[in-house]
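Take a look at the structure set out below.
The values are calculated or read from the model by the stated rules, or taken from the named source; none is laboratory data. Keep in mind it's a predicted model, so treat the numbers as computed, not measured. Glycine also receives a Cβ, built like all others from the backbone with ideal geometry; neighbour counts cover every protein chain displayed.
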Amino acid sequence: MDALELAVNMGKDAISFYTEAAKKTKSPAGKKMFQTITLDEMRHLEMITQIINGLNITHKDVSPMENVKTVFASMKDEMMKKIEATSDELEAFKIAMNMEKEGVEFYKKTLAGSKKEKERALLELLIQEEKQHYDLFANTYQFLASTGNWFLWEERGIVEG
């Protein structure tokens, strides 16, 4: 199995995991996060398939960070209520963070061995988006695990007035 076929399998696994996590997560923020990242992973899978089939990559200029900011902005009032995540939900975020980290490492290794320009461009895009996914999952994990501390450090409300 070559690297792109392995990337397809990884993408399918990610889609399956994130879809299931979205169904099980009680936190509205967590649910939206998993749903949004699932759509990104579906787009990644489509782009990888295009490369395998020898087609040009067609993709929209997408920013996972901006998509999630929009999700969080639309849910602000609901999120301000006391949010408590179960240990299962927090574990799902840990698994997601690990999956994204492994994805970044896999795509970096594949990029190092890739000679085709289209493939290299796709891999560079995937590396950046997977890094953003990791950051989003890590930030959401911190928010759900310790909402008060998250606001202190991320929003700097108390420190900066």
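Just to verify a result, which residue in region 9-48, among those that are assigned to a helix (DSSP H, G or I) and of a type in the set (Ser, Thr, Tyr), is surrounded by the most Cβ atoms within 10 Å (Cβ to Cβ)? Before you say what the answer is, go through the steps one by one.
Taking region 9-48 and keeping what is assigned to a helix (DSSP H, G or I), we get 9-24, 28-48.
If we keep only those that are of a type in the set (Ser, Thr, Tyr) as well, we get 16, 18-19, 36, 38.
Details: SER16: 12, TYR18: 26, THR19: 14, THR36: 20, THR38: 19.
Residue satisfying both the conditions and the ranking: TYR18.
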Problem set entry | Selected residue [in contact (Cβ under 8 Å) with a residue 60 or more places away in the chain and out of contact with any Ser or Thr (no Cβ under 7 Å at 6 or more places or on another chain)] from LYS32, LYS24, LYS12 | LYS24
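Test THR58 against the criterion of being on the phi < 0 side of the Ramachandran plot, surrounded by 16 or more Cβ atoms within 10 Å (Cβ to Cβ) and modelled with pLDDT of 50 or more, and give yes or no. Give the derivation first.
Details: on the phi < 0 side of the Ramachandran plot: yes; surrounded by 16 or more Cβ atoms within 10 Å (Cβ to Cβ): no; modelled with pLDDT of 50 or more: yes.
No.
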Seminar exercise, completed: Scanning region 87-128 for residues that are under 13 Å from the mean Cα position of the chain (by Cα) and of a type in the set (Val, Ile, Thr) gives ILE95, VAL104, ILE127
Exercise. Cβ-Cβ below 8 Å, separation at least six or inter-chain, first residue in region 128-139 and touching a residue at least 24 places away in the same chain (Cβ under 8 Å), second surrounded by 17 or more Cβ atoms within 10 Å (Cβ to Cβ) and among the acidic types (Asp, Glu): which pairs?
Worked result: GLU129/ASP40; GLU130/GLU100; LYS131/GLU100; HIS133/ASP40; HIS133/GLU100; TYR134/GLU100; PHE137/GLU100
Exercise. For the subset of region 84-128 comprising residues that are among the acidic types (Asp, Glu) and modelled with pLDDT of 90 or more, which member is nearest to THR140 (Cα to Cα)?
Worked result: GLU100
